[in-house]
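To keep things clear, I will list the structure first and then write my remarks on it.
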Amino acid sequence: MMPKKIKTKPYTATRNACKMCTPLGAALVFHGIEGTIPLLHGSQGCSTYMRRYLISHFREPVDIASSNFSEDTAIFGGGDNLRLAIENVARQYTPEMIGIATTCLSETIGDDVPMILDGMDKKVDPTILVHVSTPSYTGTHVDGFHGAVHAVVERCNPVTEKTTDALKTRKKINVFPGMLSNEDIRHLKEIFTDFSDVRTPIDTQSPDAIKNGIDSYAMGNNTEFTILPDYSERLEGPSWEDYQAIQKGGTPVREIKAMNRATASMEFGSILASTVDQGEKSAGSLLKERFDIPLASLGIPVGVKATDLFFERLEELTATPIPEKYKKQRGRLIDAYVDGNKYVSRQRAVVYGEEDFVVAIAGFLAEVGIIPVLCASGGKSGFLQKALEEILPKNILEQVTVHPGMDFTRMEQTAGALEPDFVIGNSKGYTLSRHLNIPLVRVGFPIHDRIGGPRILHIGYKGAQELFDTIVNTLLQRRQDTSKTGYAYM
Amino acid sequence: MSDTIKDTKTIKPGGVDTLDPEKIKKELLSRYPAKVARKRSNQIMVNKKDDTGKTPVMGANVRTVPGIITQRGCSYAGCKGVILGPTRDIVNITHGPIGCGFYSWLTRRNQTRTASDADDNYMPYCFSTDMQDEDIVFGGEKKLKAAVQEAYDIFKPKAISIFSTCPVGLIGDDVHAVASEMKEKLGINVFGFSCEGYKGVSQSAGHHIANNGIFKNVVGKDDSIKEADYKINLLGEYNIGGDGFEIDRILDDCGISVVSTYSGNSTYDQFANSHTADLNTVMCHRSINYVADMMEIKYGIPWIKINFIGGNSTAKSLRKIAEYFGEEALIQRVEAVIEAEMPEVERVRLAVKKRCEGKVAMIFVGGSRAHHYQDLFNEIGMRTISAGYEFAHRDDYEGRRVIPDIKIDADSRNIEELKIEKDDDKYRARKTDAEIAALKAKGFEFKDYKGMSIDMENDALLIDDISQYETEQLLKLYKPDLYCAGIKEKYAIQKSGIPMKQLHSYDSGGPYAGFKGAVNFYKEIDRLVNSKVWDYLEAPWQTNPELSAKYGWE
Ligand code: SF4
Ligand code: SF4
């Protein structure tokens, strides 16, 4: 049976949106590149709003410049403003890169940004200028995010860089994880580091070992990897010993420039993969097209099944067996699933957020026996349904209502009848949970009503472990708080 | 690194007087391209007060240079977020793509309190037409009409307002035409604001657009006269962190009744009835002085500047209101309230002062708080050595006497100035000319504001529209004991090891207005500047380098 489709009357206004606007995602990506300043081409209000929003989640400095339109600029075009802004940013910050994203305003007036930028490169050399088109009247912050990653990779890897296979002597993987938390990015780095440092047991008597010397084997396979973007340091750094014009951290530009020499790319997001199949571009697909770099597209590795897939691909790509450490993490996780099953089984959840994230969380919930009765997103890529069909087992899918393009007000109207036990998503769902009188488990972005949003781990066996524990404990606390008797034994 | 920075590297907090502010100004400007530096130099001034009370001319309310990371918002933010945001029973619809509406959804901490649960409160809702590609191409008026209709069908509100974002202005949607059409159709008040973000240079333009709209479309709609002895409006008080509640409490104790607050904890009906008050008291001069002027011309309500930030300032403001009404009963009641409230304020103030005396603060916020909060710091012995506004105009620095000299540039010209005339039916002189003259003779000041600069030390550094870059330079050069600004600057300041207090949203604290607010603030500042957290910033191996190099037994 197909999942139920809810019939609501046609609506016009969006009330309490479950999405943010496109340039926000782009600005976040630029914060994940070393020495980069984002610059929004439009009126200053957009930059200020987005800074404010990102800051309230990360609790870190977030600098976004603006080309600062006036009424005249809005009428006559923003070329002069953009050029002056670039020059000004270059002088103040001497950045390695300026990431230029358009706003609705410059998109509406139709500024030809590549033309405006013509010649500017030389003027601010060695600062690299990257431009991504991000009108908010198409798409959401997630589109801005992927768009910016693509634009940066494209700009840094021109076709002329065609490398011969001979240069690809080492295994080298590009990783495009999408919009994950700082902790997720750190965990990814840990995993990749562990995979590149594995010391495979060697047979010292093997002909190879005798021929090549033991040492070269004992060093492990030494796969290199580049994660783009990586804002885990810049948007969660320590106090400054010295003043920092641009906070430290981020994917180094030189590594992005070397992406065309990789032996594989890995890209998270099943919705993203579907849009690529339809002809949209992503960073991974670009590298595949331009440089024949094989692309592994996976869902975001949340939960055991998705993480298993991720590790399988890693084993293949690095020709290295999964390190013992992760096997143990997996073992503990399954053990916890068993122990906690009685608390979560057949519980009902409302899941919302950006589409790929919803798919990943729904997949995880289903595998622990929770029914994601409502899967909603402000995004409307057109692939949410299909992605959920692929990830959810049939018996669960039958009980799921899928709703792309949904806002919180309609979510509330829909959710009540589905009798959920809890909601899971970002801080914006607090009102929903309050009105439904059920707990909210905070994941994703933005989380501004709790501390530590950027430190929430979602991915890998460890992430699943943390999510599982949090959910079980939330449900237990609820039972305990509302139970009149026996509240000491749960 | 320039010499100035070298000179100041070793500055200890409090040692700021050895710094030459002119040199610092140069340092701040040194990285800008020449043209930009010239522009900025008009907005960074070393304070000098002459005998006549003149202070330096500030290049305020001018457009931020592209590429400078400003803390300013847009006129939409000022209109929808600041002014109309705190009014709970008007449904606000943002006409535009999703971001503008989303980012202004419950992001300010203006509080509201309904009389009962049955009362309308739409503040938790964020309506947006969420414009899509086709709306940009073919126009969004149809969608907007449908959105207004929908909001009406769901809530049946008294009023609906529409806010234009940047793209709307460009594609030429006529929100005012839609508003009048829907007003006609629905029989409720519907009005639109042309507050596109590119209008004006900051949120200040939006305040103006919003206030004009309220004045035109709402004020004067309800003439019923409220039974009360002393009726005032409180203008420019937005009830951040419950400030307005504390002020209301005190005024209530004094027997003074507030007809309408603009716009903290406000309702549509209060605005509609506000022309019946007998005095307008202005807190934030920047965001609303023109409304006070317009109400005086049209309805005959005089206005005075007051300030409820600071224990003494609160007492002074109450006395001023009592003096205006001039009745002995009120004067005595106000004195009684002050006498009852001040001992606790004094007790905490003196205790905190011991620990804060001599420390220095910097304040960069808003259009009035950079000035008002200096009173609180003064009360605990702290000096404000550098300050500036984010979106104020020249008169907020230099006083109202410069208003005739202010040049109107292209950015100000596109903000509508209403032509206001006396309303023959509703105009009522609140005082006779003789009474006004008598008050003035006693030194009572009507419609005056002398600005911030005159209250600051000579050599204090005044910086208008300070950028993120300049903020960070300033911290490095001065190392103040405390820096007050907003959330956008907050984390860079704290990472530099300097305590930081948000004076836009109060860091989820407050109230800081009135007597209880003063006590809260003294304690908060004490906690911040004397906190032990900062001691942990340096790890042992940083303060004690030999630790890392040697072991104890070596
Ligand atoms: S105009 Fe567009 S880019 Fe700017 S805040 Fe609004 S939706 Fe976002
Ligand atoms: S598009 Fe205009 S109205 Fe919207 S946030 Fe940006 S500057 Fe403000």
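Assorted remarks:
- Every residue from the range B:108-141 that is touching a Pro at 6+ places or on another chain (Cβ under 9 Å) and among the small types (G, A, S): B:S128, B:G140
- Every test in (1) within 12 Å of chain A (Cβ to nearest Cβ); (2) under 21 Å from A:G45 (Cβ atoms) is passed by B:S161 save one, and that test is (1).
- When A:I256, A:I293, A:I271 are checked against the criterion of being β-branched (V, I, T), more than 14 Å from chain B (Cβ to nearest Cβ) and over 30 Å from A:E60 (Cβ atoms), A:I293 stands alone in meeting it.
- Scanning the range B:196-205 for residues that are more than 12 Å from the chain's Cα centre (by Cα) and within 9 Å of chain A (Cβ to nearest Cβ) yields B:E196, B:G197, B:Y198, B:K199, B:G200, B:V201, B:S202.
- Residue check, B:E184 facing another protein chain (nearest Cβ under 9 Å), farther than 23 Å from B:C74 by Cα and not β-branched (V, I, T): no
- Residue ID - nearest to the other protein chains (Cβ to nearest Cβ), chosen from residues in the range B:91-132 that are away from ligand 1 (no atom under 16 Å from the Cβ) and of a type in the set (S, T, N, Q): B:N121
- Any hit, the range A:144-160, residues being in a loop (DSSP other than H, G, I, E, B), under 24 Å from A:M50 (Cβ atoms) and either hydroxyl-bearing (S, T, Y) or within 14 Å of chain B (Cβ to nearest Cβ) (or both): no
- Selected residue (criterion: surrounded by the fewest Cβ atoms within 10 Å (Cβ to Cβ)) from residues of the range A:101-139 that are within 16 Å of ligand 2 (Cβ to nearest atom) and β-branched (V, I, T): A:T138
- One residue alone among A:G25, A:G42 is within 16 Å of ligand 1 (Cβ to nearest atom), in contact with a Ser or Thr (Cβ under 7 Å, 6 or more places away or on another chain) and either open to solvent by 10 Å² or more (accessible area, probe 1.4 Å) or of a type outside the set (F, W, Y) (or both), and that residue is A:G42.
- Among the residues making up the range B:434-491, those that are hydrophobic (A, V, I, L, M, F, W, C), within 14 Å of chain A (Cβ to nearest Cβ) and under 24 Å from B:S30 (Cβ atoms) are B:I466, B:L474, B:L475, B:L477, B:A485.
- Total residues in the range A:74-84, condition at pLDDT below 90 and within 15 Å of ligand 1 (Cβ to nearest atom): 1
- Some residue of the range B:62-77 being more than 14 Å from every other protein chain (Cβ to nearest Cβ) and away from ligand 2 (no atom under 16 Å from the Cβ): no
- Selection status of B:S194, of a type in the set (S, T, Y), within 16 Å of ligand 2 (Cβ to nearest atom) and open to solvent by less than 10 Å² (accessible area, probe 1.4 Å): no
Let's see how each residue does on (1) within 13 Å of ligand 2 (Cβ to nearest atom); (2) within 8 Å of chain B (Cβ to nearest Cβ); (3) open to solvent by 10 Å² or more (accessible area, probe 1.4 Å); (4) modelled with pLDDT of 95 or more:
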{"site": "A:M1", "(1), (2), (3), (4)": "no, no, yes, no"}
{"site": "A:R15", "(1), (2), (3), (4)": "no, yes, yes, no"}
{"site": "A:H31", "(1), (2), (3), (4)": "no, no, no, yes"}
{"site": "A:P38", "(1), (2), (3), (4)": "no, no, no, yes"}
{"site": "A:L54", "(1), (2), (3), (4)": "no, no, no, yes"}
{"site": "A:P61", "(1), (2), (3), (4)": "no, yes, no, no"}
{"site": "A:S66", "(1), (2), (3), (4)": "yes, yes, no, yes"}
{"site": "A:D72", "(1), (2), (3), (4)": "no, yes, yes, no"}
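- Within the range B:377-400, the set of residues being surrounded by 24 or more Cβ atoms within 10 Å (Cβ to Cβ) and assigned to a helix (DSSP H, G or I) comprises B:D396, B:Y397, B:E398.
The values are calculated or read from the model by the stated rules, or taken from the named source; none is laboratory data. As the structure is a computational prediction, the values presented were derived from the model and not from experiment. Positions of Cβ are generated from backbone atoms using ideal geometry, with glycine treated the same way; all protein chains shown enter the neighbour counts. We work out accessible area using only protein heavy atoms, side chains counted, and drop any ligands, DNA or RNA first. Shrake-Rupley method; radii C 1.70, N 1.55, O 1.52, S 1.80 Å.
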